[in-house]
1. Non-local amide H neighbours of TRP86 (under 5 Å, H modeled in plane, Pro and chain starts lacking H): which ones?
2. For THR70, THR271, THR122, what's the fewest-to-most ordering of other Cβ within 10 Å of each Cβ?
3. Report the one residue of SER214, VAL200, LEU282 whose Cα lies farthest in the direction of the positive end of the charge dipole of the stretch 194-312 (charges on C-beta: Lys and Arg +1, Asp and Glu -1; origin at the Cα centre).
4. Give the average over all directions of the projected area of the C-alpha convex hull of the stretch 5-145, one decimal, in nm².
5. Is the shape of the stretch 251-316 best called rounded, prolate or oblate, per the rule: a/c under 1.5 gives rounded, else a/b larger than b/c gives prolate, else oblate, with a ≥ b ≥ c the square roots of the Cα gyration tensor eigenvalues?
6. List the residues of the stretch 44-77 whose backbone N lies under 15 Å from a point placed 7 Å from the Cα of SER22 along the Cα-to-Cβ direction.
7. Where is the GNM fluctuation largest for the chain (alpha-carbon springs, 10 angstrom cutoff): GLY114, GLY38, GLY219?
8. What is the helix-to-structure angle for 50-64, meaning the angle in degrees between its Cα long axis and the longest Cα principal axis of the chain, kept from 0 to 90 and rounded to the nearest 10?
Amino acid sequence: MSADLADLRERFLSLRRWRSESGRRAPHKPLLLLLAIGRCLRGEERLAPFAIVEQKLKELLATFGPPRQTLHPEFPFWRLRKDRIWEIDRPHLVRQTTSRDAYVRDLREHSIAGGFLAADYTTLRANPSLAHELANAILHAHFPETYHADLLQATGIGHFGAGASPHQDIRQVAEVADAEGKVYKTTLQRPRDAAFRQAVLKAYCERCAVCEFSVRLEGAVVAVEAAHVRWHNHAGPAVVRNGLALCSLHHRLFDRGAFGLDDSLVIRVSTKAKGRGRRESLGRFDGARLPVVPTMSTERPAPEFLRWHHHQVLRP
């Protein structure tokens, strides 16, 4: 039995998201969905024991989630049932806390398994392009583009081909390759604000705010991008005060929390950023004021956006 495609899309793309007034990130459900889509595309069992999901989801939360002392993969594993896309076998064996979450001990001891509804799993197995379409939509709804390729790899979904331009503003068809190299066609839609990019780059004189990179080819600036301080899919507005002009490398490092800025625009490098190239790309800037800032104070990063990034993205 397969699911109605329109209904399936609606259920997958209308997740109940935990929200807070402070804008705290909660990517637990999207990460679990991506993990399950990857399992589906690889033809793995529909229901996976919590012990397997727990280990992998903890890794994803530690890498792609906000900095937290404690990780809770049991939350989405149990709560996704309310979104009508997930089921648990033998839920009667699992006790619930006062907040109606599952006791982790019960999930482990009884080897409780969870996964997509049978009809949804069958539909996605029969329609790999739909699975890729849903994964693409989940990525764009919950994560900045600098995360997408790494998340697709980490969840075993595959990768988007060269047809998917990160700065294209129109609806397009792109080739998608799964983990085994088989290619499918999928429709992508990237609504982008070209005016935001132009305004941010102009404010920073088309230079990376950190390293001052400003290479041009035939007069056009290359690999300098407009980064959101507070992510656009987490209520970050497309205004210059929520933007930074960054080269491709520093854009990726900023989005992943390898460095941030304090209210005085001093660069703070994460102690967790290690390895070859750290000194050249990050260490030499640590503790220094941002070398490139807009001339007009009304175009410089606003403290409220910098603080969101500090608490929700920067790795301490």
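1. Close amide H contacts, sequence-distant or interchain: LEU117.
2. THR70, THR271, THR122
3. Of the candidates, LEU282 comes out farthest on the positive side.
4. If you wrap the Cα atoms of the stretch 5-145 in a convex hull and average its projections, you get 8.8 nm².
5. It comes out oblate by the Cα gyration axes.
6. 66-70
7. Result for the chain, Cα springs under 10 Å: GLY219 fluctuates most.
8. Computed tilt is about 10 degrees.
Every number here is computed from the coordinates shown, using simple stated rules; none is lab data. On a predicted model such as this, the values are computed, not experimentally measured, just so you know. Methodologically, a virtual Cβ is constructed for each residue, glycine included, from the backbone with ideal geometry; neighbour enumeration extends over all protein chains shown.
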